[in-house]
Amino acid sequence: MREPVLSIEGLRFGYSPEALLYEDFSLTLHVGEVISVVGPSGSGKTTLFELITGSLKPLGGTLTCKAFSQIFQDPYTSFHPTYTLFEQMAEVADTQEHERLCDALGLSPVLLHRKPHELSGGQLQRASIIRALLMKPKLLLADEPTSALDNLIQLEVMQLLMGLLDDIGILLITHDETLASWCSDSIIRLKS
């Protein structure tokens with residue numbers, strides 16, 4: 001039996017009690033699984049991640065998860081502008097494997113010693129993925145992790161993430177139905 005890394009039972013949440021985004025929502029994610037959450041803007045995809053991370057409190061239900069890390073959709077807002085990327089990674093994780101991960105993602109390790117504004121969006125997103133993986137999560141919350149990357153790098157990033165499934169479970173937010181179909185064990189479709 002594979003280890004559950006995320007369990008949600010009977011989740012209720014809305015920004016007002018009259019307009020619930022989630023009512024009696026449940027899911028279980030295990031090590032080795034990818035579940036994708038797809039839906040239009042405003043359907044509650046990012047809200048779900050905020051509930052999982054504890055940034056928002058549910059109105060009802062239970063939510064438990066193992067150690068997690070997060071890949072954010074906008075890498076520019078996920079790093080502090082005045083510190084180097086490496087300094088920020090070293091604050092939250094053991095950085096011993098950073099060179100191996102840089103190599104796997106086609107990113108020069110030298111770039112990690114720069115500040116966020118000195119990298120392109122694609123380089124910064126790869127750095128964000130490296131930081132998340134260095135944290136050794138059991139649950140990886142990936143919010144549009146490849147949207148800032150070109151097609152070739154998108155494929156390499158997703159292949160790298162799929163190669164980690166012996167140790168983690170991935171909850172993926174994406175607008176890309178093709179990507180979701182390719183990599184997911186199951187897909188949750190949210191409506192606006």
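The values are calculated or read from the model by the stated rules, or taken from the named source; none is laboratory data. What you see is a predicted model; the values in this text were computed from it and never measured. Quick reminder, even Gly has a Cβ in these numbers, built from the backbone with ideal geometry, and neighbours come from all protein chains shown.
Which of the residues that make up segment 102-113 are touching a residue at least 40 places away in the same chain (Cβ under 8 Å) and either surrounded by 18 or more Cβ atoms within 10 Å (Cβ to Cβ) or of a type in the set (Asp, Glu) (or both)?
Ala104, Leu105
With the condition kept exactly as written, say whether any residue in segment 64-73 is modelled with pLDDT under 95 and farther than 27 Å from Leu164 by Cβ.
no
Within segment 55-75, track down each residue that is of a type outside the set (A, V, I, L, M), outside any strand (DSSP E or B) and over 30 Å from Leu119 (Cα atoms).
Selection gives Lys57, Pro58, Lys66.
Table: residues versus (1) modelled with pLDDT of 95 or more; (2) over 16 Å from Leu56 (Cα atoms); (3) touching a Cys at 6+ places or on another chain (Cβ under 7 Å); (4) not small (Gly, Ala, Ser).
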| site | (1), (2), (3), (4) |
| --- | --- |
| Leu6 | yes, yes, yes, yes |
| Leu11 | yes, no, no, yes |
| Gly14 | no, no, no, no |
| Pro17 | no, no, no, yes |
| Leu20 | no, no, no, yes |
| Leu27 | yes, yes, no, yes |
| His30 | yes, yes, no, yes |
| Ser41 | no, yes, no, no |
| Gly44 | no, no, no, no |
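Restricting to segment 1-20, what's the tally of residues that are exposed (fewer than 15 other Cβ atoms within 10 Å of the Cβ) and of a type in the set (Phe, Trp, Tyr)?
1
Could you please let me know if Leu171 is in contact with a Gly (Cβ under 7 Å, 6 or more places away or on another chain) and touching a residue at least 24 places away in the same chain (Cβ under 8 Å)?
no
Among the candidates Gly42, Gly106, Gly14, Gly32, single out the residue that is small (Gly, Ala, Ser), part of a loop (DSSP other than H, G, I, E, B) and in contact with a strand residue (DSSP E or B) (Cβ under 8 Å, 6 or more places away or on another chain).
After applying the criteria, what remains is Gly32.
Return the total of residues in segment 150-179 being assigned to a helix (DSSP H, G or I), out of contact with any Lys or Arg (no Cβ under 9 Å at 6 or more places or on another chain) and among the aliphatic types (A, V, I, L, M).
7
So which residues in segment 114-171 are buried (at least 20 other Cβ atoms within 10 Å of the Cβ), modelled with pLDDT under 90, among the β-branched types (Val, Ile, Thr) and more than 18 Å from Ser78 (Cα to Cα), if there are any at all?
Listed by number, the list holds a single entry, Val157.
Do you know which residues across segment 116-149 are in a helix (DSSP H, G or I), touching a Cys at 6+ places or on another chain (Cβ under 9 Å) and of a type in the set (A, V, I, L, M, F, W, C)?
Answer for segment 116-149, where residues must be in a helix (DSSP H, G or I), touching a Cys at 6+ places or on another chain (Cβ under 9 Å) and of a type in the set (A, V, I, L, M, F, W, C): Ala127, Ile130.
Out of Glu91, Glu23, Glu33, Glu97, I need the residue that is surrounded by 13 or more Cβ atoms within 10 Å (Cβ to Cβ), closer than 23 Å to Ala132 by Cβ and either without any contact (Cβ under 8 Å) to a residue 40 or more places away in the chain or of a type in the set (S, T, N, Q) (or both). Which one?
None of the other options fit; the residue is Glu97.
Search segment 60-72 for residues that are in contact (Cβ under 8 Å) with a residue 40 or more places away in the chain and pair each with any residue that is in a strand (DSSP E or B) and polar (S, T, N, Q) when their beta-carbon atoms are under 7 Å apart and the residues are at least 6 apart or on different chains.
Sorted first by the residue in segment 60-72, then by its partner, the pairs are Thr64/Ser7.
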